Amino acid sequence: MNEERMSVIVQTIASILFPIILIFSFYIIMHGHLTPGGGFQGGAVGASAVALLIVAFGARYVENKMREENLSAFESVGGLVFVIVSILGIFVATTFLTNFLVGEPLFGIIPKWGVSPLNSGGVLPILNIAVGMKVIGGLASVVLMLAIASKEGEK
Amino acid sequence: MIYNLPFMTVIALIAIGMYAILFRRNLIKIAIGITIVESGVNLFLITLGYRKGGIAPIFTNLPPGTTPEEIPGKMVLPVPQALTLTSIVIGVAVLALILSLAIQIYRNYGTLNAEKVRRLKE
Amino acid sequence: MKKIFFIAFVVFFIFMFYSAYEIRDFGNPPSQMDDRIIGKYNSTTGEWEYGAVNETGANNAVTSVVFDYRGYDTLGEATVLFTAIAGVMMLFRRVKNE
């Protein structure tokens, strides 16, 4: 248990960097409809934060802190939000995956030339957040499981 | 056209990856070959959508001096980039599945050589 | 047998290199569909005439394509991701619990 941790320096730097990387990943996900990025890229960045924790603290420690079942549930919630928003398009508007919020006052501002309001894009920010949850949960649980399995194989 | 060098780079990447897949016996090297082929395909899609002197198809923070009149001819094509985005995530998922299968094969057979695995099968 | 495979491999990729040489010019794509997606802005009226920003409200045309025009693609891709992760879980959950 103890020998798979790295030194105190690496642990300190990792625990400082972990929230910063997570905030950057949330930024990429939230601004996916305005700047380069989106759900997939931000999710990959967030999963890399979990990978940093695994490298610094060891797989068993991270598994005790954040259960792998929780990560899988997080991923499933993301997929569920995606499908629910898509099906809402049938009832609110016409077809599956309709962007039914465009033109509404809440998220539907159509930006002019040269301005970029955050509350534009219709359902795209919601779908971005859903896919971001999915990718964070999925990739983090895969990295965690692979790390645990390779540790077990050495014994 | 000698200016088609990016397309030839794509073919070179795919050739390297296919060589690793076809003529290597180590399962990890085969996984690396599959990843290289994926990179080649992604580069091919991006290369197909490139337009000479183009900027990214994003209207936030455009380069100063860009006018609305010249816009459709000055941006790279967005559809190949979207397909590449999808393809990258699928590649990561498939690579995770391949590597976990390789770990299981190593645990059960004690080797990563594809021919020996085939021979050990009852 | 391996030699025959290798010769076939080399011939195939020589053909592929030749087709990469003869393919259409780099940097000059046929682009009617993508020009339609990128759109056209009328600077006198200050409105979008057509295009991704008018139809989806997002400034990022790539995100518009990924989540709106080709949303089914993204749904299928999310399904593939889910299936692959479920496969990894199926292979390793027994190992974890031991």
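Residue C:88 meets all of the listed conditions (1) more than 30 Å from residue A:113 (Cα to Cα); (2) open to solvent by 50 Å² or more (accessible area, probe 1.4 Å); (3) not charged (D, E, K, R) but one, namely (2). Residue B:109 falls short on exactly one of the conditions (1) more than 17 Å from the chain's Cα centre (by Cα); (2) open to solvent by 70 Å² or more (accessible area, probe 1.4 Å); (3) closer than 28 Å to residue A:31 by Cα; (4) more than 9 Å from chain C (Cβ to nearest Cβ), and that condition is (3). Within the stretch B:42-61, which residues are at the interface with another protein chain (Cβ under 7 Å from one of its Cβ atoms) and either out of contact with any helix residue (DSSP H, G or I) (no Cβ under 6 Å at 6 or more places or on another chain) or within 26 Å of residue C:85 (Cα to Cα) (or both)? B:50, B:51, B:52, B:56, B:58, B:59, B:60 - these are the residues of the stretch B:42-61 that are at the interface with another protein chain (Cβ under 7 Å from one of its Cβ atoms) and either out of contact with any helix residue (DSSP H, G or I) (no Cβ under 6 Å at 6 or more places or on another chain) or within 26 Å of residue C:85 (Cα to Cα) (or both).
Does residue A:141 satisfy the criteria of being facing chain C (nearest Cβ under 7 Å) and not in a helix (DSSP H, G or I)? Criteria not met by residue A:141.
Residue-by-condition table, conditions (1) facing chain B (nearest Cβ under 7 Å); (2) within 18 Å of the chain's Cα centre (by Cα); (3) assigned to a helix (DSSP H, G or I); (4) surrounded by 12 or more Cβ atoms within 10 Å (Cβ to Cβ):
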residue: C:9; (1), (2), (3), (4): yes, no, yes, yes
residue: C:15; (1), (2), (3), (4): no, no, yes, no
residue: C:25; (1), (2), (3), (4): yes, no, no, no
residue: C:34; (1), (2), (3), (4): yes, yes, yes, yes
residue: C:54; (1), (2), (3), (4): no, no, yes, yes
residue: C:58; (1), (2), (3), (4): no, no, no, yes
residue: C:63; (1), (2), (3), (4): no, yes, yes, yes
residue: C:74; (1), (2), (3), (4): yes, yes, yes, yes
residue: C:78; (1), (2), (3), (4): no, yes, yes, yes
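Checking each residue in the stretch A:115-138 for being farther than 30 Å from residue A:65 by Cα and facing another protein chain (nearest Cβ under 7 Å) picks out A:116, A:120, A:121, A:122, A:124.
If you scan the stretch A:25-49, which residues turn out to be in a helix (DSSP H, G or I) and farther than 16 Å from residue A:139 by Cβ? Of everything in the stretch A:25-49, those that are in a helix (DSSP H, G or I) and farther than 16 Å from residue A:139 by Cβ turn out to be A:27, A:30. So, of the residues in the stretch B:23-70 that are of a type in the set (Val, Ile, Thr) and within 19 Å of residue C:61 (Cβ to Cβ), which turns out to be nearest to the chain's Cα centre (by Cα)? This residue is B:46. Of the residues making up the stretch B:17-57, those that are out of contact with any Asp or Glu (no Cβ under 7 Å at 6 or more places or on another chain), open to solvent by 60 Å² or more (accessible area, probe 1.4 Å), touching a residue at least 24 places away in the same chain (Cβ under 8 Å) and not aromatic (Phe, Trp, Tyr) are B:28, B:41, B:43, B:46. In the set (1) in contact (Cβ under 8 Å) with a residue 12 or more places away in the chain; (2) farther than 29 Å from residue B:9 by Cβ; (3) not aliphatic (A, V, I, L, M), the condition left unmet by residue B:80 is number (2).
Annotation: residue C:68 fulfils all but one of (1) in contact with a strand residue (DSSP E or B) (Cβ under 9 Å, 6 or more places away or on another chain); (2) crowded, with 21+ Cβ neighbours inside 10 Å; the unmet one is (1). For the stretch C:36-52, a residue qualifies if it is more than 7 Å from chain B (Cβ to nearest Cβ), crowded, with 16+ Cβ neighbours inside 10 Å and part of a helix (DSSP H, G or I), and exactly one does: C:52. Any residue that is within 8 Å of chain C (Cβ to nearest Cβ), within 30 Å of residue B:57 (Cα to Cα) and open to solvent by 20 Å² or more (accessible area, probe 1.4 Å) - is there at least one of those in the stretch A:46-62? The answer is no; no qualifying residue exists. Of the residues screened, residue B:117 is not one that is within 7 Å of another protein chain (Cβ to nearest Cβ) and either open to solvent by 20 Å² or more (accessible area, probe 1.4 Å) or part of a helix (DSSP H, G or I) (or both). Considering (1) open to solvent by 60 Å² or more (accessible area, probe 1.4 Å); (2) in contact with a Gly (Cβ under 8 Å, 6 or more places away or on another chain), the lone condition that residue A:128 does not fulfil carries the number (1).
The values are calculated or read from the model by the stated rules, or taken from the named source; none is laboratory data. Remember, it's a predicted structure, so these values are computed and weren't measured experimentally. Virtual Cβ from ideal backbone geometry, glycine too; neighbours counted across all protein chains shown. Side chains included, ligands, DNA and RNA excluded: accessible areas come from the protein's heavy atoms. Shrake-Rupley method; radii C 1.70, N 1.55, O 1.52, S 1.80 Å.
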